[in-house]
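One structure below.
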Amino acid sequence: MHWQAFLGVAALLTITPGPDMAVVTRSALERGWGAAVRTTLGVNAGLLAWAGAAAVGLAALLSASAEAFTVLKLVGAAYLVVLGAQSWRAARRPPSEPERDRGGSSFRRGLLTNLLNPKIGVFYSTLLPQFVDQRHDVLAQSLALATIHNLLGLVWLPLYGALVVKAGDRLRRPRVRALLERATGTVLIGLGLRLAVERR
């Protein structure tokens, strides 16, 4: 298993802005660092689910089925657009105290962001084999590499969330908060639309 090379690739992918960082930003601003951590746990639970599916071949099957891929992709795209629209609505609301995380909604937000994104399954089923030694247990190596990717996320996203919370007072100033909410909403909507129109 070429884990050293994978570590560099996975680290770069982890810190690259995308849906995961966008939903963690939103949770951190709305509900504080604890919610950002719970969102991170949801994000990584979704990643692990796809990693397990990829390891046993489900993601490869999904990749081969254009219909299944398209349906799941459109559902995931719609979910990101809804989150983006919620951020735009939040930008018009007056500032308030951080909301409470009722019913594990922060965890669920992170989980659904990744579960409804079939590109993660394709990512795992196409990227991981490049770093696997086929002379040894492929399933074990695939799961080990996916675990490395998840551990990087578990370190980076809470740290990023803490930075957002630390700057929270400044970021919650009405004008700044509204701009950030609109920026986050625009990123989420843009990612959703890109996911909807992108080819496999």
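The values are calculated or read from the model by the stated rules, or taken from the named source; none is laboratory data. Note that the coordinates shown come from a computational prediction; the quantities given were computed from them, not determined experimentally. We place every Cβ from the backbone using ideal geometry, glycine too, and count neighbours over all the protein chains shown.
Can you find a residue in segment 163-179 that is exposed (fewer than 14 other Cβ atoms within 10 Å of the Cβ), within 23 Å of TYR79 (Cβ to Cβ) and modelled with pLDDT under 85? Among the residues of segment 163-179, not one is exposed (fewer than 14 other Cβ atoms within 10 Å of the Cβ), within 23 Å of TYR79 (Cβ to Cβ) and modelled with pLDDT under 85, which makes the answer no. How many residues are more than 16 Å from the chain's Cα centre (by Cα), in a helix (DSSP H, G or I) and either modelled with pLDDT under 75 or not charged (D, E, K, R) (or both) when one looks only at segment 48-73? Number of matching residues: 16.
Against the definition (surrounded by 15 or more Cβ atoms within 10 Å (Cβ to Cβ), touching a Leu at 6+ places or on another chain (Cβ under 7 Å), in contact (Cβ under 8 Å) with a residue 60 or more places away in the chain and of a type in the set (S, T, N, Q)), how does THR25 come out, yes or no?
Values: surrounded by 15 or more Cβ atoms within 10 Å (Cβ to Cβ): yes; touching a Leu at 6+ places or on another chain (Cβ under 7 Å): no; in contact (Cβ under 8 Å) with a residue 60 or more places away in the chain: yes; of a type in the set (S, T, N, Q): yes.
No; evaluated as a whole, the condition is false for this residue.
Taking the numbered list (1) crowded, with 19+ Cβ neighbours inside 10 Å; (2) modelled with pLDDT of 80 or more; (3) closer than 17 Å to GLY104 by Cβ in turn, ALA45 passes all entries but (1).
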